[in-house]
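Some notes on the structure that comes next.
Only the coordinates and a few stated rules stand behind these numbers; no lab work does. On a predicted model such as this, the values are computed, not experimentally measured, just so you know. All Cβ positions, glycine included, derive from the backbone under ideal geometry; neighbour counts span all protein chains shown.
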Amino acid sequence: MALAVWGHPYSEFPVGQDSLDDFRRGFERLAASHVTTYYAFVLTHGKAYFRSRILGEPERDLLAPAIEVGDEFDIEVHPIIGLGAVGVQGGLYDPGTSEDLPSWARDWPCPSWAESRQLTVRVAQEMLDQYEPAGLHMDYVRYPNTAVLDSH
């Protein structure tokens with residue numbers, strides 16, 4: 001059996017518990033559970049957990065150790081990037097006065113802005129070139145509520 005899981009390395013490997021040995025212990029547990037693919041949230045809530053010339057200084061680089069240790073355990077690491085909560089900051093979503101925007105979505109980049117889409121592609125390409133991950137999980141282009149989805 002093969003399994004794929006979403007992972008949140010920023011919380012699974014908090015500061016002070018993010019050494020290569022910590023990653024090895026974590027990935028050893030994944031491998032023992034037959035996990036073969038780890039989809040890593042390395043861009044979330046406006047913070048990057050990978051090196052990027054485009055985005056500037058990261059919170060921490062957790063993608064490099066995840067890929068390195070993933071290779072040791074035959075676990076493919078696919079970083080997640082897209083629009084919404086896992087997006088780069090371009091033009092922000094602004095519904096105007098027609099709807100109440102949930103507080104958790106106030107800093108979401110808006111998929112309707114060309115700069116948001118283009119910046120996401122540039123960062124994704126940079127990530128592929130720099131880290132050479134086994135794959136890349138392109139997250140949904142989405143708005144934070146179904147009312148917008150229904151009308152657009």
Practice problem: Could you list which residues have their amide H under 5 Å from that of residue 42, counting only those 5 or more apart in sequence or on another chain, with H placed in the peptide plane? | Solution: 80
Exercise. Starting at the first residue of region 75-82, write each ³J(HN,Hα) from the Karplus equation 6.51 cos²θ - 1.76 cosθ + 1.60 with θ = phi - 60°, in whole Hz, x for Gly and Pro.
Key: 10, 6, 9, 10, x, 9, 8, x
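Excluding residue 36 itself, calculate the net charge of residues whose Cβ lies under 13 Å from the Cβ of residue 36, where each Lys or Arg counts +1 and each Asp or Glu counts -1.
Values: positive: none; negative: 71, 74, 76.
For residues surrounding residue 36, the net value is -3.
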Exercise. Read phi for every residue in region 132-138 and hand back ³J(HN,Hα) as whole Hz from Karplus 6.51 cos²θ - 1.76 cosθ + 1.60, θ = phi - 60°, with x for Gly and Pro.
Key: 6, x, 5, x, 9, 9, 8
Quiz item: Taking the Cβ of residue 73 as the center, what net charge do the other residues with Cβ under 9 Å away carry, scoring Lys and Arg +1 and Asp and Glu -1?
Solution: -3
Practice problem: Give me the net charge of residue 130's neighbourhood, meaning all other residues with Cβ under 13 Å from the Cβ of residue 130; Lys, Arg count +1, Asp, Glu -1. | Solution: -1
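Tell me whether region 1-53 comes out rounded, prolate or oblate; compute the Cα gyration tensor, take square roots of the eigenvalues as a ≥ b ≥ c, and use a/c under 1.5 as the rounded threshold. Spell out each step's value before the answer.
Working: a/c = 2.51, a/b = 1.46, b/c = 1.73.
Oblate shape, in that a/c is at least 1.5 and b/c is the bigger or equal ratio.
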Quiz item: Can you list the residues, at least 5 places off or on another chain, whose amide H is less than 5 Å from the amide H of residue 110, using H built in the peptide plane?
Solution: 90, 91, 92, 93
Exercise. Describe numerically, in nm with one decimal, the distance between label points set 7 Å from Cα along Cα→Cβ at residue 24 and at residue 74.
Key: 1.9 nm
Quiz item: What list of ³J(HN,Hα) couplings, whole Hz, do you get for region 42-53 from phi and the Karplus terms 6.51, -1.76, 1.60, once you set θ to phi - 60° and write x for glycine and proline?
Solution: 10, 9, 7, 6, x, 10, 9, 10, 7, 6, 8, 5
Self-check item: Amide hydrogen neighbours beyond the local backbone of residue 76, cut-off 5 Å, H modeled
Solution: 37, 38
